[in-house]
1. For the structure I just gave you, tell me whether A:T78 is buried (at least 16 other Cβ atoms within 10 Å of the Cβ) and more than 25 Å from B:M234 (Cα to Cα).
2. Looking only at segment B:251-274, decide whether some residue is exposed (fewer than 15 other Cβ atoms within 10 Å of the Cβ), in a loop (DSSP other than H, G, I, E, B) and out of contact with any helix residue (DSSP H, G or I) (no Cβ under 6 Å at 6 or more places or on another chain).
3. Might you check whether a residue that is of a type in the set (K, R), in contact with a helix residue (DSSP H, G or I) (Cβ under 8 Å, 6 or more places away or on another chain) and either part of a helix (DSSP H, G or I) or free of Cβ contacts under 8 Å to residues at least 40 places away in the same chain (or both) occurs anywhere in segment A:80-103?
4. Taking the condition of being within 14 Å of another protein chain (Cβ to nearest Cβ), among the hydroxyl-bearing types (S, T, Y) and touching a Gly at 6+ places or on another chain (Cβ under 8 Å), how many residues in segment A:145-187 meet it?
5. For segment A:1-43, which positions are more than 10 Å from chain B (Cβ to nearest Cβ), in contact (Cβ under 8 Å) with a residue 40 or more places away in the chain and over 19 Å from the mean Cα position of the chain (by Cα)?
6. With respect to A:T112, is the statement that it is surrounded by fewer than 15 Cβ atoms within 10 Å (Cβ to Cβ) and under 23 Å from A:P41 (Cα atoms) true?
7. Determine if segment B:75-84 includes at least one residue that is in a loop (DSSP other than H, G, I, E, B), on the phi > 0 side of the Ramachandran plot and in contact with a Leu (Cβ under 9 Å, 6 or more places away or on another chain).
8. Please return the ranges of strands (runs of 3 or more DSSP E) entirely within segment B:99-195 where 2 or more residues are within 14 Å of another protein chain (Cβ to nearest Cβ), in contact (Cβ under 8 Å) with a residue 40 or more places away in the chain and more than 21 Å from B:T78 (Cα to Cα).
Amino acid sequence: MRVLAAGDAALLVETGDLPAAHRLHAALRAADIPGVLDVVPGEATVLVSVDPARCDLGRLAARLPSLPPAGYGSQDVTVEIPVVYDGEDLDEVAELTGLTRAAVVARHSACTYVVAYLGFAPGFAYLTGLDPLLHLPRRPTPRTAVAAGSVAIAGPYTSVYPSRSPGGWHLLGHTDTPLWNTHRTQPSLLTPGMRVVFSPILTPETCPGGPAGA
Amino acid sequence: MPDVKISEVLRTGMLATVQDLGRPGYAHLGVPHSGAADRPSLRLANRLVGNPEGHPALELTLGGAALRIRGGAWIALTGAPAPLLVGGRPQGMNAPCHVPAGALVEVGVPVVGLRTYLAVRGGFWVEPVLGSRSTDLLSGLGPPPLAPGDLLPIGPVSGLSDLAVDVAPVRPLPGTPELRILPGPRADWFTPEALRTLTSEPYEVTAQSNRVGVRLRGPALARVRHEELPSEGMVTGALQVPPDGQPIIFLADHPVTGGYPVIAVITTADLSQAAQLRPGTPVRFR
């Protein structure tokens, strides 16, 4: 663990890897330290922002290595998201990867993903664990509008657009599961560390053996 | 509800939004902190009219706004110094000012600085989202920017402090602000000269600046490490450096994570000055 100052009101802690970042993130939340305002995991870091009047950064840094691990946390939760694999880019992804449409769907829905961190938009979770055969660069020209619920991939990540926004990821399908709702106590369905599985919903259009596939 | 006072927006200037102290505590869910870009000015405006410091007020960008308060109220104007007319008569800034029922409140264009704050006793009581009434221009949370014709309810005044201050002493904004920075967290991704350049040469504030960030133009900051930085949490005041070497200062609506290295962070004490940087003017760092 390497602790860097990010100005006079935050520490950036290098944890080495993602699981260690999630453990520290969970431990900091469980410790509920007075004056800590925000705890944000990254790919191999945790940013801890404080109110400097209520929390001394030096003392906080000294305390980090000995924080007791959190008990039950988001890492123990698996969320299942049903997906209709009817995305606009499914054919293109199949072509770029050299797979069939069915194989793209099979590989995308076979993995158990982990919520690495959130960013880009409220409730937008970067999920790791994507099959390496599906790693593709972003689309050269982003779409000006991607519908809420779109299931997409880019680079080593998959995600679900929580609300309508511009986006440059490849669209594989959509889900009706709401990911973001500011009226809920917990506005985001997904939080760092959670596990996510996508379960394909078969429709006549997406089922290879169905009428449309015949 | 006959007791609810309403203010009617007549003109907004370039951009007018409702801002309070934002949405801390949700950054891990991708929610920007948001809130007033110049927090000390928001707090002062609220104190002057007897509000709690974090009450929602108006953040005006380059002034130019006008509104009418049905029923009258106490207001205060702080931040970038701009002419204030109430019922056509000039009034001072940084002081509580009584607006008679139906009188027009007009804020002119500031001579220096960028953001002027208008607080009303009771606060601008729009619908809160995740505990804040702030407009977040990056994520779209909170009310949309104000438009002519908008009606803003004013919050309750019962239980508020009495007005205690006649006028608050405020330091004038400098022509060339000098912002104090602390190196890191990724200063080691840059050449040693980069930090020296940053603290010796002036940078120009460009027009591509908003509540998300202030884009600067000046000597490029060269990197020694050229690989991609894994995405990490970002703080307000961070000087993030994209591949073109031109730094961006993150303000209130900045994204919660980013993938470009941060060479230095502006001290908390100087963040309000960063929020007042005006396009076309120079800024220095030390």
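1. Against the criterion (buried (at least 16 other Cβ atoms within 10 Å of the Cβ) and more than 25 Å from B:M234 (Cα to Cα)), A:T78 does not qualify.
2. Within segment B:251-274 (the criterion being exposed (fewer than 15 other Cβ atoms within 10 Å of the Cβ), in a loop (DSSP other than H, G, I, E, B) and out of contact with any helix residue (DSSP H, G or I) (no Cβ under 6 Å at 6 or more places or on another chain)), the answer is no, since none of the residues qualifies.
3. So far as segment A:80-103 goes, yes, one or more of its residues are of a type in the set (K, R), in contact with a helix residue (DSSP H, G or I) (Cβ under 8 Å, 6 or more places away or on another chain) and either part of a helix (DSSP H, G or I) or free of Cβ contacts under 8 Å to residues at least 40 places away in the same chain (or both).
4. 2
5. Answer for segment A:1-43, where residues must be more than 10 Å from chain B (Cβ to nearest Cβ), in contact (Cβ under 8 Å) with a residue 40 or more places away in the chain and over 19 Å from the mean Cα position of the chain (by Cα): A:M1, A:A27, A:A30.
6. Here the answer is yes, as A:T112 does meet what is asked.
7. no
8. The strands (runs of 3 or more DSSP E) meeting that bar are B:181-183.
The values are calculated or read from the model by the stated rules, or taken from the named source; none is laboratory data. Predicted model, so just to flag it, every value in this text is computed and none were measured. For neighbour counting, all protein chains shown are included, and Cβ atoms are generated from backbone atoms with ideal geometry for every residue, glycine included.
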